[in-house]
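Throughout, read-outs are computed from the coordinates displayed, never taken from laboratory work. The shown structure was predicted, so the numbers you read here are calculated from the model rather than taken from an experiment. Virtual Cβ from ideal backbone geometry, glycine too; neighbours counted across all protein chains shown.
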């Protein structure tokens, strides 16, 4: 009998459950809710009362630990013995998710206080007592909100309420027709629900207070109070976020976990931002990851990635993009924003020189620059390549950007690339228009001028260009270019002008040793002994080369200007120059630093020979006494004849720089023969100092006989060929050698030089022919040249 009764009771229960489930399906079908996913909770449960009220002072770390449940897994069973641990929430069944808000709501639509999630993380909720967890009794379910939303035909909120109640009461079954549930006829309560639905929370609070004051026995529904509290917390959180009170945002989120759901994605975005702005980037990344792992709305997922890209760095963004899902058509869900993401990543790469952007993003921006033709894309690529020393690529993209829109940024980038490519003259022309646009633009223009004035041989600049450079340098008091103006004037034999530029540079920067050195050398050539001594006393102990100026054989070559540093927009000042080195006419193999070759490009593979000796030009002269030229005197105070004699004396003791001044004084002689000898001697002095251009100018100061003119021309062309070869300008070297060969048969050492030019130009056949011809005379340098050719053309062959 008992067993039959038990069986009948079980059958009744099963029938009731089946009927309830059928009714639920009918309810969803009636309101068009079938098939909608349920919202997934980021957190569930409530803060313990003592936690919510007892924390008078905000503890950011404690609050952050509370929010850590964004991605934290549930605690293991061994952790439940800790009295401070929290209970794991029961896993509710999956149900359909509502939309986040109705279009007609005046404020963000209030959402349910809780929704089901596939796996509910451990949170700061109060542990349930064992007897509560197994209590067989079903608590009363407040369905007033359910009836209200059903009566208004609000399907979205109705579904949200069903999901919320199912999450709170897993055994609860929604009624088949919420409108069929008996109404209590409480019009005041219905009006309160209307105030809540309209977002008029202050009026709702007043209505509740008035009702309780009028009816002391009346209690508002707990569901309404919970919803109102959550809605007010949402409003406070949004207000704090708008005011950039990020600590308050985190605090409110910790005390209102029911806001942290997929249906409140705007709140999740604001909490993520608050974490990042309070220097907890990983927590912010976790919040964005939670949305991409759990929330299905495509528009919200895309917006999440866009918002994250403005706050997170490149590497964390790659972790978020790894959570991307394929779409129904086989594409990726973030393809629509991938172009803008690539641009953001490239811009970040321009700020961080150590950041290597994936080639796929660089290629995407290159494709965009070609298809869309935006100058901004070309600029992104130009700066990215320039700061990674890819000067040729950078120049290409800056030229493309400038062709579409000539801006200060495009011109500045192009100028920096040109300076790096040793083309400062074009860089100066490019930047002149934009020189006053910004501090960076001005610094780039001035760097271009310093590099331009430091070129060797000196650039042939138009008068208007020199004037505009000088005006800008004076206005900006830019020492490097002022100093280079001094060396430039010296190369044109304008020593008074050079001295003024060096003096000006020292006024602007009193401790600029290169300018002081240029000034002391120039004063020495102007025979200003007092000025030289004054400078030597002022720089005693600070500059050995100034105090030991009489040892002119130790003069260092003029250093060239270096291009600006790639990591910053402000160009680096050029290396300060020193005057050209002296070199005897019979020098064997000079040091590599002997020539001023600051900005000449190096070949890919440069093979250099032992440098041939300069040809000694013999001059038939009468016997001279060297006595009396070992001391320094002002040659301008001597008679032209004595100055001429002193010039040759100084050449004999290898002091060509002083000899130049002596020969200059001798050029004032009324005797034509003395003037010819002075011009000839000055040309030789310049050649010995390595200033072939000056030597050519000096040779024209007085007519020369045919033999002397030929000798000087041969020597000048040989010196220019050596200078061009040292600078890596091999084609220019061949031109000078060809010109010299028209005047005089080519010496063996210059044939070897020609052979190495061919070798470095990869003209191996011509190089072999020249080396073989020279080697036949017994030249060891030519034999080494043949070996160098074999090493390049047949590297696997062991000699």
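Starting from the Cα-Cα distance between residue 151 and residue 389, subtract it from 0.36 nm times their residue separation and give me the gain in nm to one decimal.
Details: separation 238, 0.36 × 238 = 85.68 nm, distance 6.98 nm.
So the extension gain works out to 78.7 nm.
For region 327-440, with equal point scatterers placed on the C-alpha atoms only and solvent neglected, what are the log10 I(q)/I(0) values from the Debye formula at q = 0.22 1/Å, to two decimals?
At q = 0.22 Å⁻¹ the computed log10 ratios are -1.20.
Expressed as a whole number of Å, what is the distance separating the alpha-carbon centroids of region 660-730 and region 230-244?
85
Counting other beta carbons within 10 Å of each residue's own, what order do 267, 230, 671, 697 fall into, fewest first?
Values: 267 24, 230 20, 671 13, 697 17.
Ranked by crowding around the Cβ, least crowded first: 671, 697, 230, 267.
Which ordering of 398, 663, 334, 345 is given by a fewest-first count of other beta-carbon atoms within 10 Å? Kindly include the intermediate steps, with their values, before the conclusion.
On the way: 398 28, 663 31, 334 21, 345 25.
Starting with the residue having the fewest Cβ neighbours, the order is 334, 345, 398, 663.
Let's test the formula: R0 of 35 Å, r as the Cβ-Cβ distance of residue 540 and residue 631. What FRET efficiency results, to the nearest 0.05?
Working: r = 21 Å, r/R0 = 0.59.
Between residue 540 and residue 631 the formula returns 0.95.
Can you sort 639, 289, 683 by how many other beta carbons sit within 10 Å, fewest first?
The order, fewest Cβ neighbours first, is 639, 289, 683.
Using R₀ = 56 Å, calculate the FRET efficiency as 1/(1 + (r/R₀)^6) where r is the Cβ-Cβ separation of residue 215 and residue 351; round to 0.05.
Working: r = 65 Å, r/R0 = 1.16.
E between residue 215 and residue 351, to the nearest 0.05, is 0.30.
Calculated FRET efficiency, residue 735 and residue 673, Cβ-Cβ r, R0 30 Å, to nearest 0.05? Provide the component values of the computation, followed by the final result.
Details: r = 35 Å, r/R0 = 1.16.
With R0 = 30 Å, the Cβ-Cβ based efficiency is 0.30.
Is the C-alpha gyration tensor of region 252-294 telling us rounded, prolate or oblate? Criteria: a/c under 1.5 is rounded; beyond that, a/b larger than b/c is prolate, otherwise oblate. List each step's numbers first, then the result.
Details: a/c = 2.10, a/b = 1.22, b/c = 1.72.
Note, shape of region 252-294 comes out oblate.
Need the full-extension length gain, residue 529 to residue 494, defined as separation in residues times 0.36 nm minus the C-alpha distance. One decimal, nm.
Values: separation 35, 0.36 × 35 = 12.60 nm, distance 1.85 nm.
Result for the pair: 10.7 nm of gain on full extension.
At 0.36 nm per residue, minus the direct Cα-Cα distance, what do residue 206 and residue 307 gain on full extension? Give it in nm, one decimal, please.
32.6 nm
What value does region 639-793 have for Rg/Rh, both radii from Cα atoms and Rh as Kirkwood defines it? Could the numbers behind the result be given before it?
Numbers: Rg = 18.8 Å, Rh = 16.9 Å.
Computed over Cα atoms, the ratio is 1.11.
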